[in-house]
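Read the structure below first, then the notes.
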Amino acid sequence: MSLDCFDTLFWRNVSRPFDIFTQLPQGLCPVARTVAEADARKKKCIATGLEDVSLAEIYAQLEGQFDAAQQQQMIEHELELEIDNGFLFAPALALLRQAKARGIRTIIVSDTYFNASQLGRLLAAHCDEIPSLIDHIYCSSESGRSKAGSLWPEMVQYEQLNPQDIFHVGDNLQADYQQPTKVEITAIHFK
């Protein structure tokens, strides 16, 4: 069983994900953070043809303003802000628990600039049993490929399963339903 993370398993207490950037440390405005992400994506696409980036790649765009230690502190602060401004959606958590009780392998497939370790930490901060409920976390930032791109075939290959043996639930019509069904994953669009 596969779950999307944001707006499926983990929900934020803000209207739009980038609203969290308004709480970034002094000296980094939300616009600068957003521009740094856009620049990192453009730079990576030109250099590698890949579309997704990590927080480290985003903050590296600010190297003229902040040294490496400050960038690392900002990454840590952004992760803490995400932890403080979100919650696990009880029905999705219950689904994970039921799957594990039945002995089903469970994974998270997420379009995110967090890496698997950071995303695992974000989720575990809200429920200490999360590490035992999730067998693997796939993040677009680590592969450079989004779910709307080619992350699904990569995940299927890594899992060494027939796509038809995977059941995915997620909120994004294209990324969580249309794309996985194109590679024959059974998917449900969570509205």
Compute the angle between helix 30-48 and the longest alpha-carbon principal axis of the chain, please, reported from 0 to 90 degrees and rounded to the nearest 10.
70 degrees
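Net charge near residue 119, counting Lys/Arg +1 and Asp/Glu -1 over other residues with Cβ under 12 Å of its Cβ?
On the way: positive: 121; negative: 4, 82, 111, 142.
With Lys, Arg at +1 and Asp, Glu at -1, the net is -3.
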Rounded to the nearest 10 degrees, what's the angle between the helix 90-101 long axis and the longest principal axis of the chain, both from Cα atoms, 0 to 90?
50 degrees
Along the stretch 68-82, what does the Karplus equation 6.51 cos²θ - 1.76 cosθ + 1.60 (θ = phi - 60°) give for ³J(HN,Hα), rounded to whole Hz, x for Gly and Pro?
4, 5, 5, 4, 5, 5, 5, 4, 4, 5, 5, 5, 4, 4, 4
Using helices alone, what [θ] at 222 nm do you get for the chain, with -39,500 (n - 2.57) per DSSP H run of 4 or more residues, divided over all residues and rounded to the nearest 500?
-12500 deg cm²/dmol
Of all DSSP beta bridges in the chain, antiparallel share, percent nearest 5:
20 percent
With every protein chain in place, the chain: carbon and sulfur % of accessible area (1.4 Å)
52 percent
Theoretical gain in end-to-end length, residue 117 to residue 173 [0.36 nm per residue, Cα-Cα removed]
17.5 nm
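How charged is the neighbourhood of residue 21? Take every other residue with its Cβ under 14 Å from the Cβ of residue 21, and add Lys/Arg as +1 and Asp/Glu as -1. It would help to have the intermediate numbers written out before the result.
On the way: positive: 12, 16, 33; negative: 19, 37, 78, 80, 82, 84.
Once all neighbours under 14 Å are counted, the net charge is -3.
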Where the chain is the region considered: accessible area per residue in Å², 1.4 Å probe:
50 Å²
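The values are calculated or read from the model by the stated rules, or taken from the named source; none is laboratory data. From a predicted model like this one, the values you see are computed outputs, not experimental measurements. With ideal geometry, Cβ positions are generated from the backbone for all residues, glycine too; neighbour counts draw on all protein chains shown. In case anyone asks, the SASA skips ligands and DNA or RNA and just uses the protein heavy atoms, side chains included. Shrake-Rupley method; radii C 1.70, N 1.55, O 1.52, S 1.80 Å.
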